[in-house]
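Student: Here's a structure for you.
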Amino acid sequence: MQTIVEGLFAPNSFLSKAFNADSYVNDRIVHIPQAGAPSKIVKNRSEYPAEVKTRTDTDLTYQMSEFTTDPIRIPHADTVELSYDKRNSVLRMDKLALHDYVALDFLKGWSPTSENIITTTGDAVNAYTSKATGMRNAVTKTDIMNLMTRFNDAEIPQEGRYLLLDANMYTQLLNGLTSAENVAFHATADPKNGVLGKLLSFNIMMRSKVLLYKADGTAKEWSADGAATDNAAALAWHDAFVCRALGEVKMFGNEDDPTYYGDIYSFLVRAGGRVMRADGKGVMALVQGMPASGASTK
């Protein structure tokens, strides 16, 4: 057989829905200036001269990180004896794995704190993250409406809103829509840009994993050990309220290494990002809620 069955990796088109700071990827620290409060407004001013004030601006920063793969050896025998191209398979899979790891790191960097979290309210379903136990509330259309209300209250622009759901949450949402709502939803799909449909002002996207939260409402890395009380979460954001700097993947190679009797390869990429505003506006997490005792299950 001249082909090999390779691993599967999640799509990461969501990374393009952010303020592009790629030009700063070679900096050690990226600065995001924060404008101070606007001037006070007085109706029918009667006292002169008016008090002169100076606007005080602040600064948010984030550090660039360097992500590298472990070097991998391809023995000389594999390049001459195998019926498939192992070198291209190894390089392709390592590069995809690096992109997937970096994408999850971006999501962690964009994850909001407890002030910008709402919880799901649907029927009780089984927990599905690694090592999580018990039941969680499913995602419903009402939950998306609650997100929309919070965005509207914060005066976040209608255009440019995105909601990234994990695979299970996406299925739960579709199951809760009527037939007519499903048809209307899919009619607004934009596959070229990774959008599966539009619902309640949000462009809906999906990948296998999005966010993971502890029981205390703080986000954690997927690489960390899972816990029984972990909750999966979706991310809602406006593309002008999150920032990403992502460099080109650099490949290092040493072919015909005389000490390893084969070829050695590895990859490196620089990346970093965060929420753009100090108050966290424009970014929210939809975290699995815990069913009340005796709640119905599905």
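The values are calculated or read from the model by the stated rules, or taken from the named source; none is laboratory data. Owing to the predicted nature of the structure, the values given are computational and were not obtained by experimental measurement. With ideal geometry, Cβ positions are generated from the backbone for all residues, glycine too; neighbour counts draw on all protein chains shown. Keep in mind that these areas ignore ligands, DNA and RNA; they rest on the heavy atoms of the full protein, side chains included. Shrake-Rupley method; radii C 1.70, N 1.55, O 1.52, S 1.80 Å.
Student: With contacts defined as alpha carbon pairs under 8 Å and 6 or more residues apart, what's the relative contact order of the chain in percent? Please list the in-between numbers first.
Tutor: Numbers: 568 pairs, mean separation 89.5, N = 298.
Reported as a whole number, the value is 30 percent.
Student: Okay, next question. If you line up the long axis of helix 86-110 against the longest principal axis of the chain, both from Cα atoms, how many degrees apart are they, to the nearest 10?
Tutor: 20 degrees
Student: Any idea of LYS214's accessible area? Nearest 10 Å², probe 1.4 Å.
Tutor: 90 Å²
Student: Tell me the relative contact order for the range 1-128 as a rounded percent, counting alpha carbon contacts under 8 Å between residues six or more apart.
Tutor: So the answer I get is 32 percent.
Student: If you average the sequence gap of Cα pairs under 8 Å that are 6 or more apart and divide by the length of the range 110-239, what percent do you get for the contact order?
Tutor: Over the range 110-239, the number comes to 31 percent.
Student: Among MET135, GLY272, ALA97, flag the residue with its Cα farthest along the positive direction of the charge dipole of the chain, charges on Cβ as +1 for Lys/Arg and -1 for Asp/Glu.
Tutor: Ranked along the dipole, the leading option is MET135.
Student: If you don't mind, another one. Ignoring ligands, DNA and RNA, what percent of the 1.4 Å accessible area of the chain is carbon and sulfur?
Tutor: Here it works out to 52 percent.
Student: Which is farthest toward the positive dipole end of the range 96-212 among LEU147, PRO157, GLY176, measuring Cα position about the Cα centre, with Cβ charges +1 (Lys, Arg) and -1 (Asp, Glu)?
Tutor: Farthest towards the positive pole: GLY176.
Student: Additional query: Measure up LYS53/LYS108; LYS141/LYS192; LYS86/LYS131; LYS17/LYS141 against 28 Å on the Cα-Cα distance and list the ones that go over.
Tutor: Too far apart for the 28 Å limit: LYS53/LYS108; LYS86/LYS131.
Student: Can I ask one more? Hey, how many Å between the Cα centroid of the range 230-262 and the Cα centroid of the range 166-192?
Tutor: For the range 230-262 versus the range 166-192, the Cα centre distance is 30 Å.
Student: Moving to a separate point now. With a 1.4 Å probe and every protein chain left in place, work out the accessible area per residue of the range 172-298 in Å², rounded to a whole number.
Tutor: 48 Å²
Student: Pick from GLY282, GLY262, GLY160: which is most flexible by mean-square fluctuation in a GNM of the chain where alpha carbon atoms under 10 Å apart are linked?
Tutor: GLY262
Student: Farthest toward the dipole's positive end in the chain, which of SER114, ALA285, ILE41, given Cβ charges of +1 (Lys, Arg) and -1 (Asp, Glu) about the Cα centre?
Tutor: Looking along the dipole axis, the top candidate is ILE41.
Student: Give the ranking of TYR84, TYR213, TYR162 by solvent-accessible surface, highest area first, calculated with a 1.4 Å probe.
Tutor: Ranked from most to least accessible, the order is TYR84, TYR162, TYR213.
Student: How large is the accessible surface of VAL42 in square angstrom, using a 1.4 angstrom probe and rounding to the nearest 10?
Tutor: Around 60 Å² of this residue is reachable by solvent.
Student: Taking a probe of 1.4 angstrom, what is the accessible area of PHE19 in Å², to the nearest 10?
Tutor: 100 Å²
Student: Report for the range 164-223 the percent antiparallel among DSSP-assigned beta bridges with both residues inside it, nearest 5.
Tutor: In the range 164-223, approximately 65 percent of DSSP beta bridges are antiparallel ones.
Student: Restricting to the chain, what percent of DSSP beta bridges are antiparallel, rounded to 5?
Tutor: Bridges in the chain are about 80 percent antiparallel.
Student: Just flag the chymotrypsin sites (Phe, Trp or Tyr not before Pro) in the range 242-298 sitting in loop per DSSP whose Cβ has no more than 15 other Cβ atoms within 10 Å. Show your work: numbers first, answer last.
Tutor: Working: sites: PHE252, TYR260, TYR261, TYR265, PHE267; in loops: TYR260, TYR261.
Loop-located and lightly packed - TYR260, TYR261.
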